[in-house]
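Read-outs: derived from the displayed coordinates by stated rules, not from any lab. Everything quoted here is computed from the prediction, not taken from an experiment. Backbone-built Cβ (ideal geometry, glycine too); neighbour counts: all protein chains shown.
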Amino acid sequence: MTIPAIPQDDLAGAIAAGLLEAAIAAAGLDPVAAPAQGWRQLGLFLARTNRATLAIPCFQHSLSFDPNQAACLSALCVLLMRTHRLAEAVRAGEQAVALQPNDPAFLDNLALALADAGRVDEARICLIRAIGLAPDRAESHLSLAQLLLSIGEMQPGWLEYEWRNRTEMARNTVPETSAASWNGMRMPHGRLIVICDQGYGDTLQFARYLPHVAALCPDLHLCVSPPLKTLLDRVPGPVALHTRWEDVPPHAAVVRLSSLPFLFRTELDTIPSAAGYLRAGDAARARWAMPAGGPAGRLRVGLVWAGRDTHPNDMRRSIPLSALLPLADQTGVCFVCLQRPVPAADQGLLDRFGMEDLSARLESFDDTAALIETLDLVIAVDTSTAHLAGALGRPCWLMLGHPPDWRWLLSGSTTPWYDSITLFRQPAPGDWAGTIGAVAARLTALLATPLTTPVATLLAPTATDER
């Protein structure tokens with residue numbers, strides 16, 4: 001469908017005033033002559049500009065004029081998922097599939113809604129059906145991979161996860177090369193290039209495999225984003241790190257960093273280096289060393305509450321700083337801002353936590369690592385900073401949305417990926433208040449404990465925790 005050119009300021013003003021009809025007029029659509037199309041078009045525009053709560057009534061209004069719009073129902077299914085209305089999402093997805101049972105995209109969306117609602121077996125059947133209809137549809141394979149990995153079926157999960165490289169999102173993440181794809185074999189001669197092909201968190205999570213790759217391929221080079229280079233320079237294994245493809249020397253084979261769990265046939269009980277495998281550099285440690293006369297007797301706690309707003313799942317993982325206000329009045333705590341950048345809407349609340357915006361000084365992940373090493377605890381949502389704390393072996397309380405990303409599995413308060421991370425799960429979809437309440441209660445209990453035991457021991461995750 002083609003969305004007409006829309007004067008953004010007029011549309012924004014109409015939405016701000018709650019005048020969706022005026023927004024349709026601003027979009028050049030005619031809700032009288034073609035109400036179903038008009039409301040659907042506006043819903044698509046709002047969905048694509050991350051205004052899910054406004055897009056939902058547009059789709060619903062469109063369906064009131066024509067209830068047999070399968071594409072509209074499937075789009076509504078996705079938006080209802082994003083806003084935690086899971087029963088409604090499943091119902092919309094089922095209606096779309098009933099109208100067009102052989103559309104793999106509609107089956108995908110229904111499967112995601114079923115999985116979010118905890119109906120994992122039904123979701124699996126939907127995805128198998130989608131793949132049967134379109135065997136080369138990478139998105140269906142990736143959805144199946146994430147479902148399988150989230151329930152601990154690692155080998156079929158990693159196999160399906162390789163399909164991510166064929167999705168539209170993965171396009172251009174790896175430069176074109178005539179070198180062979182590495183298959184995990186020994187290469188005593190010949191250079192291997194490992195390419196960090198996903199986000200910062202994925203890179204930090206999978207960097208643990210590099211020493212194992214180097215044991216098979218001694219001439220190992222790593223292509224990495226500039227903010228990570230200084231930190232990853234100290235990972236054992238790579239001969240050299242490169243931040244530009246044009247600087248990469250001739251090579252015999254390449255592999256994506258995110259393919260290493262598959263190539264090493266990783267199971268939950270064979271994940272390497274869960275106790276920590278990164279450390280900050282000496283120069284960064286010197287820059288962030290605790291000054292003499294620091295907050296003696298106070299727990300130093302770093303806070304991270306938001307990820308990159310362009311992340312497809314950001315609506316379900318990020319929160320405003322105001323949501324953490326139940327933590328602000330804890331006595332005996334020195335809060336430290338690890339958020340980079342600090343959203344403009346949150347700047348005014350930093351003083352409430354006694355924090356300052358350190359964004360300008362956190363020039364790289366090495367700086368953030370050095371700062372984390374001065375802390376007793378990190379409290380974070382699901383961002384790269386949580387992965388960094390885990391990779392450093394530093395205590396971290398990770399607050400997860402529902403459903404969580406596949407790597408955190410579907411239950412439990414511990415993770416096999418990082419020994420130092422404790423998981424705090426939402427008691428119900430979208431219930432951040434319940435999660436933060438549990439964190440606040442845990443922090444209060446910690447502060448009430450006489451410090452005859454080292455803080456790190458008190459903060460260690462335990463498998464008996466219930467979240």
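Can you compute the charge dipole magnitude of the stretch 95-195 about its Cα centre, using +1 on each Lys and Arg Cβ and -1 on each Asp and Glu Cβ, nothing else charged? Give it in debye, rounded to the nearest 20.
Numbers: 9 positive and 12 negative charges, 75 e Å.
It works out to roughly 360 debye.
Which order results if ASP269, ASP247 are arranged by neighbouring Cβ count within 10 Å, fewest first? Let's see the in-between values first.
Working: ASP269 7, ASP247 11.
The order, fewest Cβ neighbours first, is ASP269, ASP247.
Ranked from highest to lowest mean number of other Cβ atoms within 10 Å per residue, what is the order of the peptides 278-288, 391-401, 353-363?
Numbers: 278-288: 17.0, 391-401: 24.5, 353-363: 15.4.
With the highest mean Cβ count within 10 Å placed first, the list reads 391-401, 278-288, 353-363.
For the chain, give the magnitude of the charge dipole about the Cα centre (Cβ charges: +1 Lys/Arg, -1 Asp/Glu; no others), in debye to the nearest 20. The partial results should precede the final answer.
Working: 37 positive and 46 negative charges, 140 e Å.
Taking the Cα centre of the chain as origin, the dipole is about 680 debye.
Fewest first, what order do TYR200, TYR418 take by the number of other Cβ atoms within 10 Å? Mind dumping the intermediate values first?
Numbers: TYR200 20, TYR418 29.
Ordered from fewest to most neighbouring Cβ atoms within 10 Å, TYR200, TYR418 come out as TYR200, TYR418.
Note the angle between two axes, namely the Cα long axis of helix 432-447 and the longest principal axis of the Cα atoms of the chain, as a number of degrees from 0 to 90, rounded to the nearest 10.
Once rounded, the angle reads 20 degrees.
Hey, what did the chain get for relative contact order, percent, Cα under 8 Å, at least 6 apart?
Numbers: 792 pairs, mean separation 48.0, N = 467.
Taking the mean separation of contacting Cα pairs over the length of the chain, I get 10 percent.
Angle check, please: helix 52-65 long axis (alpha carbons) against the longest principal axis of the chain (alpha carbons), in degrees 0 to 90, nearest 10.
It works out to around 20 degrees.
Name the residue from PRO250, LEU76, GLY93 whose Cα lies farthest towards the positive end of the charge dipole of the chain, charges +1 on Cβ of Lys and Arg and -1 on Cβ of Asp and Glu.
Farthest towards the positive pole: PRO250.
For a test of the definition: using alpha carbon positions, the gyration tensor, and the 1.5 limit on a/c, classify the stretch 152-239 as rounded, prolate or oblate. If you can, show how the numbers build up before the last one.
On the way: a/c = 1.36, a/b = 1.21, b/c = 1.13.
Here the stretch 152-239 falls in the rounded category.
Kindly provide the Kirkwood hydrodynamic radius of the stretch 81-208 in Å, to one decimal, from all pairs of distinct alpha carbon atoms. Display every interim value, and only then the final one.
Numbers: mean 1/r = 0.0605 Å⁻¹.
About 16.5 Å, per the Kirkwood formula over Cα pairs.
Rounded to the nearest 5, what is the percent of antiparallel bridges among the DSSP beta bridges in the stretch 282-459? Don't skip to the answer; put the middle values down first.
Numbers: 2 of 20 bridges.
Looking only at bridges with both residues in the stretch 282-459, the antiparallel portion is about 10 percent.
Order the peptides 67-74, 419-426, 185-192 from the highest to the lowest mean number of other Cβ atoms within 10 Å of their residues.
Values: 67-74: 19.1, 419-426: 21.6, 185-192: 13.8.
Going by the mean number of other Cβ atoms within 10 Å, highest first, we get 419-426, 67-74, 185-192.
Taking the Cβ of HIS402 as the centre, find all other residues whose Cβ is under 9 Å away and add up their charges (Lys, Arg: +1; Asp, Glu: -1).
Numbers: positive: ARG316, ARG425; negative: ASP116, ASP431.
The answer is 0.
Within the stretch 239-274, list the residues whose amide N lies under 15 Å from a label point set 7 Å along Cα→Cβ of ALA215.
261, 263-267, 270-274, by backbone N distance to the label point.
Based solely on its DSSP helices, what 222 nm [θ] is calculated for the chain when runs of n ≥ 4 H residues each add -39,500 (n - 2.57) and the sum is averaged over all residues, nearest 500 deg cm²/dmol?
On the way: 20 runs with 192 residues, N = 467.
Dividing the helical sum by the residues of the chain leaves -12000 deg cm²/dmol.
Rounded to the nearest 10 degrees, what's the angle between the helix 104-116 long axis and the longest principal axis of the chain, both from Cα atoms, 0 to 90?
60 degrees
Looking at the chain, what % of its DSSP beta bridges pair antiparallel, to the nearest 5?
On the way: 2 of 33 bridges.
Bridges in the chain are about 5 percent antiparallel.
Over the chain, what number does the Rg to Rh ratio reach, with both radii from the alpha-carbon atoms and Rh per Kirkwood? Present the calculation step by step, with values, prior to reporting the outcome.
Numbers: Rg = 24.0 Å, Rh = 24.3 Å.
Rounded to two decimals, Rg over Rh is 0.99.
If we count other beta carbons within 10 Å of each Cβ, what is the order of CYS223, CYS126, fewest first? Spell out each step's value before the answer.
Details: CYS223 21, CYS126 28.
Placing the least packed residue first, the sequence is CYS223, CYS126.
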